[in-house]
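Read the figures in this text as sums done on the coordinates, not as results from a lab. As the structure is a computational prediction, the values presented were derived from the model and not from experiment. Using ideal geometry, Cβ is built from the backbone for each residue, glycine included, and neighbour counts are taken over all protein chains shown.
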Amino acid sequence: MEPMILEDAPFDTDAKKEEIFSPVILLYSYNDFKEAVKEANNTHYGLQASVFMHDLNKAFYAFEHIEAGGVCLNNSPRMCVDSQPYSGIKDSGIQREGVKYVMDDMLETKVMCNVGNVAMALPCHGLEIGGDHFREHVAVLGVCNHGLNPDCFSNMCLQGPGS
C-alpha cells in the first residue's frame with residue numbers, strides 16, 4: 001500500500017475510528033491546542049502518539065493529557081528501546097514490552113515479614129534460613145540495631161522468590 005495522507009477526513013471515517021496498521025496519517029487543523037489533544041483522545045485506542053512542535057510547554061501538556069502508552073516528541077513512534085516500557089492503553093494493550101517490564105509481568109513478588117525471632121528453622125524451598133544458598137535468593141530489607149547485617153533477621157522483612 002502506498003503511504004497516504006487524509007486531510008480533514010470526516011470524524012466518523014473508519015481510518016479515525018479503527019486502529020489501522022498501514023502507512024496512513026490523518027491530519028486535522030485546530031486553532032486551540034487543548035481542543036486538538038481532546039480530539040486525539042476521542043478513540044478507543046492508545047498505542048503510541050507523536051507531537052511535532054518546538055514549544056516545550058505544549059509538549060509537556062501533550063505528554064500529560066494524550067491517552068497513549070507513549071508520546072514521542074518530534075519523532076515517530078517507531079523507536080523502541082528495550083530498556084523502556086512500550087505499551088498501549090485502552091484497547092491497544094494490557095502489558096508492557098521492555099526486558100524489565102516483561103520480567104515483572106512474568107514473576108510474582110512475595111514478601112514475608114517477621115516480628116520476632118527468625119533464627120528458627122524457617123524453610124524456603126526446602127532450605128534452612130542460615131544456609132548460604134538461601135542468602136543468595138533472599139534480599140534482606142530493613143535495618144536492625146546492628147546495621148544492615150544478613151545474620152540479624154529480627155524484626156526485618158525478607159523478600160524472596162515467588163512460589
Ranked Phe33, Phe11, criterion: other C-beta atoms within 10 Å, fewest first:
Phe11, Phe33
Set of lysines near Lys38 by C-alpha distance (under 23 Å), chain-local residues within fewer than 8 positions excluded:
Lys16, Lys17, Lys58, Lys90
Just to confirm my numbers, what's the Cα centroid distance between the stretch 1-68 and the stretch 91-106 in Å?
24
Could you pull out every residue, at least 5 positions away or on a different chain, whose amide H is within less than 5 Å of the one on Val24? Hs are placed 1.01 Å off N in the peptide plane, and Pro or chain starts have none.
Met4
Cα gyration tensor, the stretch 31-103 - rounded (a/c under 1.5), prolate or oblate:
oblate
